[in-house]
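A quick write-up on the structure given underneath.
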Amino acid sequence: MPTRSLMRLTQSEGEAVPPTSPAFSSRNLLKLVEDMGDVGFWTADMRKDRVEASVGLYRILGLDPAQEMSFGIGLDLIHPDDRAAHGDQISVLRSGQPITREFRIIRPDRTKRWILHRAEVMLDPDGRPNQGMGVVFDVTGRHDSVTSMEQRHARFNALLSATAAVFWINGPDGEPLEMPQWQALTGQSHLEMSGQGWLDAIHADDRDRTAAAWSTAVSHATPYNTDYRVLCADGIYRWFNARGVPILDHDGSVREWVGVCLSVPGRNRYGFSKGASGGATYASDDGEPIVTPAQIRGARGVTGLSKDELARRARVSVSTIVRLEDATSSIKPRPDTLRVVRQVLEEAGVTFTFEPGAKPGLRET
């Protein structure tokens, strides 16, 4: 069926409805397309230099529509760094070959744009290129998005490198998905680290504790935060702090886990410092007391907070709260974790006391 017949309504087969408005011309159609996006068109006699350009093309090139368009003007707008690779477009078309090119232009106002140019030619009866036609898209937005994403990726990689961090992604069930940096750190293959295989790279003395902390985080969909020694590919055990969070879908289910392993120099963060009372006291790096296991247990009793609720408010795992309340634990938690837990308990209505000569205590606010 001829294209023009598709644009006409019919009462019945073979009977056309008289048009009630002027025919919809190809010029109207091109204008409609141009008004919907950054696109322009051109046609030309390939044996000449003059080009018939649409308003959209003038807009993309930043030219005055009253200005006569030519192939030379278009080629002069190509960015100097792209001219060597894309300055042959008209020559290629005049040889009878179609083109699809993506390159930069510099408009008369000195702004830079990325454009996609697609064109082809029609041959005369003798097989020589006669008429040419093309379409030009402004694809600057797409290039800007790609560039921005590449910059964010480069910054992220630089941050990981600067902090000696290992980035990891696990599935909603806690199984490893993407851990190429872990593989590089430990020398494990993807198969070796799959399932619970990654635990094989953890020091035997830390393995059960690490597995329990991860299992608790996964089962409760709460943040994961623990420390362990990793057998690195060079055969040396090194301490790392592993922390991760669940990424939730709209229905609240876990879509995946993301996290990092941060290098921890030395072992001075492990073990207890002794307070004036002779009992175990969690202290900051400079020796200032923060809170004791007994104070945490007592504060939960006073405020009525469950371990799950305290963990949720402090954004730590339930296993972390269990360890914080265990005075016999051989693992010293990080001061920042203790401060967050203490802050949550204080906001819930208790005040912690550290009076000289007396045991650490607490009272209702």
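Odds and ends about this structure:
- Cβ pairs under 6 Å, 6+ apart, first in segment 95-111 and in contact (Cβ under 8 Å) with a residue 12 or more places away in the chain, second loosely packed, with under 15 Cβ neighbours inside 10 Å and assigned to a loop (DSSP other than H, G, I, E, B): Arg104/His79; Ile106/His79
- Tyr224 over 27 Å from the mean Cα position of the chain (by Cα) and of a type in the set (Ser, Thr, Tyr): no
- Of the criteria (1) in contact (Cβ under 8 Å) with a residue 12 or more places away in the chain; (2) over 14 Å from Trp168 (Cβ atoms), which one Ala201 fails: (2)
- Reported count of residues in segment 246-265, each being within 16 Å of Pro176 (Cβ to Cβ) and among the aliphatic types (A, V, I, L, M), is 4.
- Applying the set (1) modelled with pLDDT under 95; (2) not in a loop (DSSP other than H, G, I, E, B) to Ala66 leaves exactly one unmet item: (2).
- Filter result for Asp144 (within 18 Å of Val39 (Cα to Cα), among the charged types (D, E, K, R) and either assigned to a helix (DSSP H, G or I) or under 27 Å from the mean Cα position of the chain (by Cα) (or both)): yes
- Candidate set from segment 224-267 (those that are of a type in the set (A, V, I, L, M) and loosely packed, with under 13 Cβ neighbours inside 10 Å); member that is farthest from Ala204 (Cα to Cα): Ile247
- Residue that is in a strand (DSSP E or B) and under 16 Å from Gly134 (Cβ atoms), where the choices are Ile115, Ile90: Ile115
- Matching residues in segment 71-122 - criterion: being hydroxyl-bearing (Ser, Thr, Tyr) and either surrounded by 16 or more Cβ atoms within 10 Å (Cβ to Cβ) or in contact with a Leu (Cβ under 9 Å, 6 or more places away or on another chain) (or both): Thr100
- Among residues of segment 318-337, those that are assigned to a helix (DSSP H, G or I) and either crowded, with 16+ Cβ neighbours inside 10 Å or polar (S, T, N, Q) (or both), counted: 8
- Among residues of segment 338-365 being part of a helix (DSSP H, G or I) and surrounded by fewer than 17 Cβ atoms within 10 Å (Cβ to Cβ), the one that is nearest to the chain's Cα centre (by Cα) is Val340.
- Residue within segment 276-284 that is within 22 Å of Val340 (Cβ to Cβ), surrounded by 13 or more Cβ atoms within 10 Å (Cβ to Cβ), modelled with pLDDT of 90 or more and over 25 Å from the mean Cα position of the chain (by Cα) present: no
The values are calculated or read from the model by the stated rules, or taken from the named source; none is laboratory data. Remember, it's a predicted structure, so these values are computed and weren't measured experimentally. So basically every Cβ, Gly included, is an ideal-geometry build from the backbone, and we count neighbours across all protein chains shown.
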